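Report on the structure given below.
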Amino acid sequence: MTDSAYQKCINPACGAEFDYGQTLFKCPACGELLDVQYNWDKVRLPNKLSEFAKRWASRDNPLDFSGVWRFRELLNFCEDKYKVTIGEGQTILQQNDAVAGYADMHPGCLYLQYEGLNPSGSFKDNGMAAAFSHAKIVGATSSACASTGNTSASVALYAHHCNLKCTVFIGSGRVAFGKLSQGMDYGAQTIQIRGDFDDCMRQVQDVCAELGLYLLNSLNPFRLEGQKTIMYRIIEGLGWQVPDWIIVPGGNLGNSSAFGKAFSELKQLGLIKQIPRMAIINATGADTLTELVNNKKLTWNAGKVEQAIIDNYYADLTARNFSPHTCASAIEISRPVNLKKCLRAIHICNGVVRAVTDEEICDAKAIIGKFGLGCEPASAATIAGLKHLRAEGIVEADDRVACVLTGHPLKDPNLTINYHKGKKGKFSNPPIEAPNDFDEIIKLIK
Ligand code: F0G
């Protein structure tokens with residue numbers, strides 16, 4: 001079964017291949033990112049995607065219940081006995097006309113993919129189901145990650161389930177309270193570094209190399225295989241059709257990379273006819289991708305990415321002692337590790353990149369809360385970004401758009417309370433102080 005999978009360097013000039021059973025987070029030959037690749041002729045694939053629907057009838061089998069593993073033929077690197085699941089991927093694609101109106105879309109055209117409904121409250125669980133399965137294949141006993149919060153919560157939950165030790169690295173004061181509380185509750189060893197996410201990311205890679213810990217950041221190519229399934233579920237939610245647009249927040253750029261790979265594989269396999277376009281939305285306070293793609297014109301360029309543009313940009317960040325700042329703490333990242341894979345995804349999906357302000361994010365979040373199921377700030381960047389793309393006429397009002405709402409509203413209660421109580425936001429809904437008096441209360445409500 002698993003002779004179908006191997007790891008391959010994304011750099012076409014290198015293209016080195018490695019066994020799927022190796023624990024590698026960068027190409028040992030050239031240092032670039034790795035992909036999981038498949039010999040598709042050895043995989044028993046469905047003739048059409050709708051054939052996956054029959055697994056709903058056998059969901060007493062945990063692998064058919066999992067929103068990741070019920071698409072297992074499309075991430076075929078693992079024997080069943082190693083597959084890890086805690087019931088991830090039971091997420092909802094909601095058509096939402098009120099939010100559509102806010103974003104100037106026609107009714108019936110906007111869909112919200114609620115990944116906050118995962119067990120740890122974010123999309124990360126899709127990736128962890130796959131990555132922890134690989135950790136089991138290689139016999140890992142200790143796991144680690146750097147995180148803006150959600151990865152740490154998800155890693156802690158899965159590590160605990162798989163009996164692995166777990167250490168998470170977070171930037172001091174940079175993680176929303178809901179996420180911080182989860183890591184502690186799920187028993188992770190939490191190392192709070194005096195620095196930001198990018199500092200944590202650098203440290204964790206060195207620490208993993210030194211101590212032989214299994215790394216669960218999205219550098220891990222097996223994690224991204226799990227995140228491909230978010231796209232399969234959107235297609236499923238649309239009656240096995242692809243939307244015109246996928247909109248996703250951009251942080252470390254794992255999702256956008258995984259989505260591009262998912263669509264390119266589905267197209268190659270003849271399982272979809274058309275690849276949707278993708279919009280990746282940064283916060284203006286953490287807008288490396290926007291700067292590099294829109295201003296410095298960085299492209300995938302058939303794999304010959306102009307490294308000098310990236311190096312110069314990062315050197316400038318260092319010279320300015322720049323640290324990213326946005327209220328959407330999940331995407332407060334200035335050196336995204338999956339940058340090159342994301343450039344490839346932009347090429348595959350004819351993608352665009354935009355940055356939105358914290359104010360736009362908070363207002364969009366309030367609208368998604370009021371009219372939808374709610375989400376955390378980073379997720380709301382999608383709707384704020386969609387508003388920009390509508391104003392520019394890049395997205396049409398009757399295009400079919402799916403926004404990936406990556407995290408649950410309770411992840412960051414402080415931001416929500418400050419927005420509403422502070423009465424500063426356009427859609428603030430503060431609590432009303434009332435005396436302990438029946439008549440006065442009645443007057444207030446009438
Ligand atoms: N949305 C949420 C809620 C996130 O937690 C993250 C990333 C993103 C979007 C960005 O996704 O990295 O795939 O571009 N959170 C990571 C973490 C960095 O550590 O929890 P990406």
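With the gyration tensor restricted to C-alpha atoms of segment 229-279, the semi-axes of the equivalent ellipsoid amount to 18, 12, 9 Å, longest first. Normalised by the residues of segment 101-240, what does the relative contact order come to in percent, with Cα pairs under 8 Å and at least six apart? Once normalised by length, the contact order is 28 percent.
State the percentage of accessible surface on the chain attributable to carbon and sulfur atoms; use a 1.4 Å probe and exclude ligands, DNA and RNA. Present the calculation step by step, with values, prior to reporting the outcome.
Details: 8910 of 18210 Å².
That fraction is 49 percent.
Between Met184 and Val138, the contour length at 0.36 nm per residue exceeds the Cα-Cα span by 13.9 nm.
In this rough spin-label picture, where each label sits 7 Å from Cα along the Cβ direction, the Lys297-Asn39 distance is 4.3 nm. Taking other residues whose beta carbon is less than 14 angstrom from the beta carbon of Tyr6, and scoring Lys, Arg as +1 and Asp, Glu as -1, yields -4. Annotation: for a label point projected 7 angstrom from Cα along Cα→Cβ of Ile309, residues of segment 9-45 with backbone N closer than 20 Å are 10-14, 32-33. Using a probe of 1.4 angstrom and keeping all protein chains present, the accessible surface of segment 351-399 works out to 32 square angstrom per residue.
Net length available on complete extension from Leu211 to Gln274 is 18.2 nm, with 0.36 nm assigned per residue and the Cα-Cα distance removed.
Each label point was placed 7 Å from the Cα along the Cα-to-Cβ direction; for Lys446 and Ser428 their separation is 2.7 nm. Projection of the Cα convex hull of the chain, averaged over all directions and equal to a quarter of that hull's surface, yields 22.8 nm². Between the beta carbons of Ile191 and Asn350, assuming R0 = 35 Å, the FRET efficiency works out to 0.30 to the nearest 0.05. Beta bridges assigned by DSSP with both partners in the chain are antiparallel in approximately 30 percent of cases. Per residue, the average separation of C-alpha pairs within less than 8 Å and at least 6 apart gives segment 1-139 a relative contact order of 21 percent.
Kirkwood radius for segment 15-62, taken over all pairs of different Cα atoms as the inverse mean of 1/r, rounds to 14.2 Å.
Applying Stokes-Einstein at 10 °C and 1.306 mPa s to the Kirkwood radius of segment 147-268, computed over alpha-carbon pairs, gives a translational diffusion coefficient of 100 µm² s⁻¹. Counted by Cβ distance under 12 Å from Asn312, the other residues give a net charge of -3, where Lys and Arg count +1 and Asp and Glu count -1. Per residue, how many Å² of accessible area does segment 165-316 show with a 1.4 Å probe? Heavy-atom SASA per residue in segment 165-316 reads 38 Å². Summary of the geometry: segment 1-42 and segment 354-412, compared by the centres of their Cα atoms, lie 35 Å apart.
Could you give the length gained by full extension between Glu73 and Ala391, i.e. 0.36 nm per residue of separation minus their alpha carbon distance, to one decimal place?
Length gained between Glu73 and Ala391: 110.5 nm.
Just need the relative contact order of the chain here, percent rounded to a whole number, with Cα pairs under 8 Å and 6+ apart.
Averaging sequence separation for qualifying contacts and normalising by length gives 17 percent for the chain.
Per residue, segment 7-95 exposes an accessible area of 48 Å² to a 1.4 Å probe, with every protein chain left in place. Local charge for Glu332 was computed over the other residues whose Cβ lies under 14 Å away, with Lys and Arg +1 and Asp and Glu -1, and equals -3.
The values are calculated or read from the model by the stated rules, or taken from the named source; none is laboratory data. Since we're looking at a predicted model, the values are computed, not measured. Positions of Cβ are generated from backbone atoms using ideal geometry, with glycine treated the same way; all protein chains shown enter the neighbour counts. Ligands, DNA and RNA are stripped out before the accessible areas are found, and what is left, the full protein with its side chains, is counted by its heavy atoms. Shrake-Rupley method; radii C 1.70, N 1.55, O 1.52, S 1.80 Å.
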